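Right, one structure below, let's go through it.
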Amino acid sequence: MQVKYEPWAVQNEKMDAWGFRITEGMYENTVVAIKSVELENDNLALDFNFVATPADKTEDDLNTEEFNSIIEYIVNDILKKALDEFEDRNSNTSKSDT
């Protein structure tokens, strides 16, 4: 599965409002704010809320296995990119120290 999305963030005093906006497909323009991501017994626990949803989508449309799979894909993709960036940064730092 490949889903197109873009990062979404709000500048606030806590700098803690972040998430993503789905940019195409059945859920285009759905904006999800991530409250927390935790690893519990090798399972990812995600607490999120909707900032914006398409006018033609109901709450039932957003509580489907398909939509949950899309959210899971995007969050995993974000975490993978962040981990890769972290590893690259650490790898480049340790190379310059030698």
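Readers should treat all values here as calculations from the given coordinates under stated rules, not as data from a laboratory. Source: prediction; values computed, not measured. Here Cβ is always computed from backbone atoms with ideal geometry, including for glycine, and neighbour counts include all displayed protein chains.
Residues K57, K4, arranged from fewest to most other Cβ atoms within 10 angstrom of their Cβ, appear as K4, K57. Mean sequence separation of contacting Cα pairs (under 8 Å, at least six apart), scaled by the length of the chain, corresponds to a relative contact order of 18 percent. FRET efficiency for the D88 to E28 pair, using the beta carbon distance and R₀ = 41 Å, is estimated at 0.85.
Can you tell me which of 49-56, 19-26 comes out highest on packing, and rank the rest after it, using the mean Cβ neighbours within 10 Å?
Numbers: 49-56: 11.4, 19-26: 16.4.
Most protected by this proxy first, the peptides run 19-26, 49-56.
Axis of helix 65-97 versus longest Cα principal axis of the chain: the two differ by about 10°, to the nearest ten degrees.
Against the set (i) 147; (ii) 105; (iii) 250, the structure's computed volume of the Cα convex hull per residue in Å³ falls on (i).
Net length available on complete extension from K57 to S36 is 5.1 nm, with 0.36 nm assigned per residue and the Cα-Cα distance removed.
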